[in-house]
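Structure, as structure tokens:
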Amino acid sequence: MDAHIKLLKALADETRMKIVQCLLDGERCACAIVPAIGKAQPTVSQHLKILEEAGVLDSRRNGVNIWYKIRSDEAIQIMKILNIQKIEIRITCEECT
């Protein structure tokens, strides 16, 4: 039960919900997520950490970049139930590609 509560609490924030929406298409570098969310980099980093600690996201380091992807099938199911669509990210950075 605690894992479900942790998941719901992590998703119960607009910024964190937007982050998950950005990742519905697959793995993304943090530098592409930040401009799509429209918040300061430290703010987005804090929210990414919360999502990772709740088991919603996984991360991996590639050089100086950190890549995130959705780990939780339950989070994806919740997004589908709520009919929340993905956010298209058209921003890429030179180091990520």
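Bear in mind that the values in this text are calculations on the coordinates, not laboratory data. Predicted model, so just to flag it, every value in this text is computed and none were measured. Cβ atoms come from the backbone with ideal geometry, glycine included; neighbour counts cover every protein chain shown.
Each residue in the range 11-49 was checked for being part of a helix (DSSP H, G or I), in contact (Cβ under 8 Å) with a residue 24 or more places away in the chain and among the small types (Gly, Ala, Ser), and 3 of them qualify. If we scan the range 11-21, do we find a residue that is out of contact with any Asp or Glu (no Cβ under 9 Å at 6 or more places or on another chain) and surrounded by fewer than 12 Cβ atoms within 10 Å (Cβ to Cβ)? Yes, the conditions are met somewhere in the range 11-21. Please determine whether any residue of the range 26-46 is in contact with a Lys or Arg (Cβ under 8 Å, 6 or more places away or on another chain) and surrounded by fewer than 16 Cβ atoms within 10 Å (Cβ to Cβ). Yes, there is a match, as at least one residue in the range 26-46 is in contact with a Lys or Arg (Cβ under 8 Å, 6 or more places away or on another chain) and surrounded by fewer than 16 Cβ atoms within 10 Å (Cβ to Cβ).
Can you pull out the residues in the range 63-83 that are touching a residue at least 24 places away in the same chain (Cβ under 8 Å) and not in a helix (DSSP H, G or I)? GLY63, VAL64, ASN65, ILE66, TRP67, TYR68, LYS69, ILE70, SER72 - these are the residues of the range 63-83 that are touching a residue at least 24 places away in the same chain (Cβ under 8 Å) and not in a helix (DSSP H, G or I). Would you mind stating whether LYS49 is closer than 18 Å to ARG90 by Cα and out of contact with any strand residue (DSSP E or B) (no Cβ under 7 Å at 6 or more places or on another chain)? So LYS49 fails the test. For ASP58, the stated conditions do not hold, so it cannot be described as over 10 Å from the mean Cα position of the chain (by Cα), acidic (Asp, Glu) and either surrounded by fewer than 16 Cβ atoms within 10 Å (Cβ to Cβ) or closer than 18 Å to LYS86 by Cβ (or both). Answer yes if at least one residue in the range 86-94 is assigned to a loop (DSSP other than H, G, I, E, B), closer than 15 Å to LEU7 by Cβ, touching a residue at least 40 places away in the same chain (Cβ under 8 Å) and of a type in the set (Ser, Thr, Tyr), and no otherwise. Within the range 86-94, none of the residues are assigned to a loop (DSSP other than H, G, I, E, B), closer than 15 Å to LEU7 by Cβ, touching a residue at least 40 places away in the same chain (Cβ under 8 Å) and of a type in the set (Ser, Thr, Tyr).
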